[in-house]
Each structure stands twice: as C-alpha cells, then as structure tokens.
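The values are calculated or read from the model by the stated rules, or taken from the named source; none is laboratory data. As the structure is a prediction and not an experimental result, all values here were calculated from the model. Positions of Cβ are backbone-derived with ideal geometry, glycine not excepted, and every protein chain shown enters the neighbour counts. Please note that ligands, DNA and RNA were not included when accessible areas were found on the heavy atoms of the full protein model with its side chains. Shrake-Rupley method; radii C 1.70, N 1.55, O 1.52, S 1.80 Å.
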Amino acid sequence: IPEIFRSGKYGGSGTGFWISGDGWLITNQHVVGSNKQVDVRLVDGKICPAQVVRTDEENDLALLKADVASPAWLPVSKGVKELGLGQMVFTFGYPNALLQGLEPKFTDGKISSRSGLNDDKAFYQTSVPVQPGNSGGPLIDFGSGWVVGVVSLRLESSQDGRSAQSVSYAVKGSLLNGFVLGSPEAAAAIAKSPAAALKPGDAEAITERTRQATALVLVGR
C-alpha cells in the first residue's frame with residue numbers, strides 16, 4: 001500500500017487534470033462529493049490542498065483551485081465539431097491507486113458512439129479501458145493533444161448480468177468548455193496562460209504533456 005494511504009486520512013481517490021498554469025484543475029463531481037476541499041498529488045509527488053470552486057452534478061464535473069504552479073496543463077476543446085466514430089483517444093489516470101500505485105497509467109481506445117447510456121448526448125462512449133480511480137481523467141484526442149472529454153464511468157455488466165468489455169463513458173468537451181467558462185476566474189487564467197501548441201500527431205510530446213498534467217485527487221474520510 002502506498003505510504004500516503006497508510007495513515008487512514010483518505011477515504012477515496014480519483015483523477016484530475018490541470019487546465020491552467022496557476023492551479024486550476026478539473027475532475028468529476030462524484031470524485032469530490034460534497035467536500036469543499038480535497039488534496040491533490042502532483043506527478044512529482046508533491047501534495048497540496050485544493051478548493052472545490054464549482055460543481056455540476058448533472059454532468060458530473062468539478063472545478064478545483066490549488067495554490068500551486070501547475071507542472072503542465074492541457075488545452076480544452078470547445079467541442080464545436082464532435083469526434084468521429086473510430087477516432088483514437090487516450091487517457092492518463094490513477095486506477096486502483098491502493099493496489100496499482102501512484103504512477104499515472106496510460107490507456108487508449110476509440111470513440112465507439114457519440115452518445116452515452118440511454119443515448120445521452122452529453123457523453124461519448126469509448127473503448128478506452130478504465131477502472132475505479134480513472135474517474136475525472138482527461139480524454140485526449142491522440143491527433144491534436146486537446147482535451148475532448150472527461151472520463152466519468154464504465155459499464156460493468158449488461159442487463160442480463162454478463163460482463164461488459166471496454167465500455168466507458170466521457171463527458172463531452174463542449175460541456176466541459178461551457179462549465180469552465182462559467183467561472184470567470186478560471187476562464188481568465190486559461191486566457192492568460194494558454195497551453196502551448198504541440199505539433200499535431202506528435203504522440204510522444206502529446207502523451208508526455210498529458211502525463212505531467214494529470215493529478216491524483218485525494219478525498220478525506
């Protein structure tokens with residue numbers, strides 16, 4: 001068990017990602033719950049407190065602010081054009097951190113559907129393998145490196161009880177963009193320090209920036 005979990009201070013964890021250079025980050029609402037403050041572990045191991053500034057329970061989004069310089073941050077797509085079926089996407093996250101450890105884990109897949117459970121148009125269905133702890137991670141377009149969604153949940157079994165394979169869902173980037181713009185301070189911070197442009201298709205640079213921009217969200221008991 002990683003050292004940070006041995007004290008019993010934390011009762012849960014998820015994933016988040018930085019969207020500005022001065023400590024604004026995104027995760028899922030169901031990760032933070034009703035908490036007004038959580039801790040965030042940066043990729044270098046530093047742990048700092050973060051305030052829960054805004055939540056959207058319907059779309060499962062939470063906006064956090066930590067008093068720290070972000071090691072890297074990601075550009076958020078406006079989501080004007082929806083992703084095509086079969087488009088390659090990936091995420092970094094902290095699945096089962098108690099067991100799998102504190103290194104962010106990479107998984108990839110494709111867009112399977114432009115709608116989620118019960119044809120919910122707020123979500124993409126993907127074939128990206130995710131587990132408990134991946135919630136709140138960025139869904140990244142492999143070609144551009146932009147955030148096009150937020151990992152939210154996976155389908156574990158079908159109605160007849162059979163196990164579902166590689167079925168996960170992500171809140172679409174259009175909703176994320178609108179949610180962020182609903183906080184003038186966060187929107188101003190992004191405008192002040194936009195994420196650096198990367199060469200389209202530069203998989204190494206895109207994956208490394210995403211790795212550095214991914215954070216472990218730690219929720220107290």
In nm, to one decimal, how far is the ASN35 label point from the ARG211 one, both placed 7 Å along Cα→Cβ? 2.6
In this structure, the FRET efficiency calculated for LEU98 and CYS48 from their beta-carbon separation, with R0 = 22 Å, to the nearest 0.05, is 0.60
Would you pull out the residues with amide H under 5 Å of ILE19's amide H, same chain only if 5 or more places away, H placed 1.01 Å from N? TRP24, LEU25, ILE26, LEU74
In nm, what is the difference between 0.36 nm times the number of residues separating ASP108 and LYS9 and their Cα-Cα distance? 32.4 nm
Could you give the accessible area per residue of the stretch 1-154, probe 1.4 Å, as a whole number in Å²? 44
Residue separation times 0.36 nm, minus the C-alpha to C-alpha distance between SER144 and GLU82: what's the value? 20.9 nm
Please report how far the C-alpha centroid of the stretch 198-221 lies from that of the stretch 60-93, rounded to the nearest whole angstrom. 9
Backbone HN-Hα couplings from phi across the stretch 202-209 [Karplus 6.51/-1.76/1.60, Hz, Gly and Pro as x]: 7, 4, 5, 5, 5, 5, 5, 5
5 Å is the cut-off here: which amide hydrogens, built 1.01 Å from N in the peptide plane, fall below it relative to SER113, excluding neighbours closer than 5 in sequence? GLN125
